[in-house]
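Undergrad: Have a look at the structure that comes next, please.
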Amino acid sequence: MFRDTLTVYKKEVRSILKDKTVLFMCIILPFLVMFGEGKLMTVMSDTKTDESSIRAYAVNAPEYMNDALKEIGFDGAPADVDKTISDIKNKDAELLVIFPEDFTIEVSEGKPVSDIEVYYNSSYNESLMVKEMFYNYLDTLRPVAFTINADTAKTYDQGDETYQGRNAMASMVPGLLIMTIVYGIMGLASNIIAGDKESNFLNTVLITPVSRTSVALGKALAVMTAALISSLSSFVGLSFLMNSFKEMIGSDIINYAIMDYVFVFITILCVTFALVGLILIISTLAKTSRSAQTLTAIPVMILFIGSFLTSNSGFDSILTKLGFYNYVIPMWNATYLTKNILLNGFTPVEMLTACGINLAFGALCLAFISSMFNNEKIVND
């Protein structure tokens, strides 16, 4: 049986290597998605408004504020107040601040407090950023009634100061990584049996002396090889994505050992094996490649929903209540485990359980496919 399995495997691999579309989806696309996401994040982090490009203006500003306003990026008084307000509305300017003629920060009895008019555009991010910088400056001028946490020698935050940054990254990476690999092999996995069935090639194979179990295993191993290549491509792209996270959040926060990446890689491979087995069942049951591709969207969507829920902080309380059960639900457990690996919050037992469940689920899927082959349920009428 091993020789027959190897023969089918070689035939399928040769077929994959001849298909440029499959090679692109499995090798190039996963890397491009991860690399592109990293580049996009880098561009987004670099979009912080440059002081030299800020178009902010102040009217009647006190002399003692001039230096601070210039540091923010203010450019003196505008030539026309009404036009500047119109420019802010049209996103051609960021901010206009109008101080009253008798502006003072002192509070006097019988005299109303000074009112500063600040014109901005809430639908324009740059405008909101400059407004925030100006407000922060004003906070330093207000009379001090009391202070909060003024003793810098004490640690007031009793939690992990790096958690929020790592959590933002850990919530994004698992789903993106899994979905990248899945989309790379989805077409191949859904067509590898249904396509042969539709072309009647599978009928010819099944009447040969080759063991039907060998046919099923050979095809499955070919898809798993493609999935392995797709995973490697994604992890190469992941290195660029992690560098982007380091630039945005800080290298002290995003700092993982090689074994952390190994654990993530093993987790992803195990869930990919389970998903491939499920997709192959769909491909086996479907009568045409089109219906196989359509039905394959169901488990992929379920996996996507699982990734979304595990990364959504509003769902944390439910996940906490589930506890260890999160690790025994096939495929769901992979996104949950991957997130916890990146948060440095998992145990070896949890990883062994999640990976073991996914491998067992994938093996059961292959056994079911082999059973259908042996019972001739997939042969076209």
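Undergrad: Could you give me the residue pairs with C-beta distances under 6 Å whose first residue belongs to region 292-310 and is under 15 Å from residue 173 (Cβ atoms), whose second residue is in a helix (DSSP H, G or I) and of a type in the set (A, V, I, L, M) wherever it lies, and which are 6+ apart or on separate chains?
TA: none
Undergrad: Just one of 106, 126, 101 is in a helix (DSSP H, G or I) and at pLDDT below 90; which is it?
TA: 126
For (1) at pLDDT below 85; (2) among the small types (Gly, Ala, Ser); (3) farther than 16 Å from residue 16 by Cα, each residue gets a yes or a no:
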residue	(1), (2), (3)
198	yes, no, yes
206	yes, no, yes
230	no, yes, no
236	no, no, yes
239	yes, yes, yes
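Undergrad: Only helices (runs of 4 or more DSSP H) wholly contained in region 265-381 count here; list those with 1 or more residues that are of a type in the set (Asp, Glu).
TA: 316-322, 348-374
Undergrad: Would you point out the residue of region 208-228, among those that are over 20 Å from residue 289 (Cα atoms) and in a helix (DSSP H, G or I), that is modelled with the lowest pLDDT?
TA: It comes out as 212.
Undergrad: Between residues in region 62-91 that are under 19 Å from residue 139 (Cβ atoms) and residues that are of a type outside the set (Lys, Arg) and in a loop (DSSP other than H, G, I, E, B), which pairs lie under 8 Å by C-beta distance while being six or more apart or on different chains?
TA: 62/99; 62/103; 69/61; 72/54; 73/49; 73/54; 74/54; 74/61
Undergrad: I've got another one for you. Can you find even one residue in region 357-372 that is more than 16 Å from residue 278 (Cα to Cα) and not aromatic (Phe, Trp, Tyr)?
TA: No: zero hits.
Undergrad: Of everything in region 61-91, what is outside any helix (DSSP H, G or I), within 39 Å of the chain's Cα centre (by Cα) and surrounded by 13 or more Cβ atoms within 10 Å (Cβ to Cβ)? Give them in sequence order.
TA: Those that are outside any helix (DSSP H, G or I), within 39 Å of the chain's Cα centre (by Cα) and surrounded by 13 or more Cβ atoms within 10 Å (Cβ to Cβ): 73, 74, 91.
Undergrad: Search region 129-180 for residues being among the hydroxyl-bearing types (Ser, Thr, Tyr) and surrounded by fewer than 10 Cβ atoms within 10 Å (Cβ to Cβ), and hand back the single one that is modelled with the highest pLDDT.
TA: 140
Undergrad: Quick check on this structure: which one of 240, 245 is crowded, with 21+ Cβ neighbours inside 10 Å and under 15 Å from residue 39 (Cα atoms)?
TA: None of the others qualify; the one that does is 245.
Undergrad: Next question. Would you check if residue 28 is part of a helix (DSSP H, G or I), modelled with pLDDT of 85 or more and either assigned by TED's automatic domain parsing to the domain that holds residue 213 or in contact with a His (Cβ under 7 Å, 6 or more places away or on another chain) (or both)?
TA: yes
Undergrad: Another question, then. Run residue 14 past the list (1) buried (at least 19 other Cβ atoms within 10 Å of the Cβ); (2) modelled with pLDDT of 85 or more and report the number of the one that doesn't hold.
TA: (1)
Undergrad: Related question: If I filter region 76-91 for residues that are among the aliphatic types (A, V, I, L, M), touching a strand residue (DSSP E or B) at 6+ places or on another chain (Cβ under 8 Å) and farther than 12 Å from residue 58 by Cβ, do I get at least one hit?
TA: Yes, region 76-91 contains a residue that is among the aliphatic types (A, V, I, L, M), touching a strand residue (DSSP E or B) at 6+ places or on another chain (Cβ under 8 Å) and farther than 12 Å from residue 58 by Cβ.
Undergrad: Does residue 378 fit the bill of being β-branched (Val, Ile, Thr), in contact with a Ser or Thr (Cβ under 6 Å, 6 or more places away or on another chain) and at pLDDT below 80?
TA: When the stated conditions are applied, residue 378 passes them.
Undergrad: Go through 320, 335, 310, 353 for me and flag whichever is at pLDDT 80 or above, surrounded by 17 or more Cβ atoms within 10 Å (Cβ to Cβ), under 22 Å from the mean Cα position of the chain (by Cα) and of a type in the set (Val, Ile, Thr).
TA: 335
The values are calculated or read from the model by the stated rules, or taken from the named source; none is laboratory data. Computed from a prediction, not measured in an experiment: that's the story for all the values here. Cβ coordinates were reconstructed from backbone atoms using ideal geometry, including for glycine residues, and neighbour counts include every protein chain displayed.
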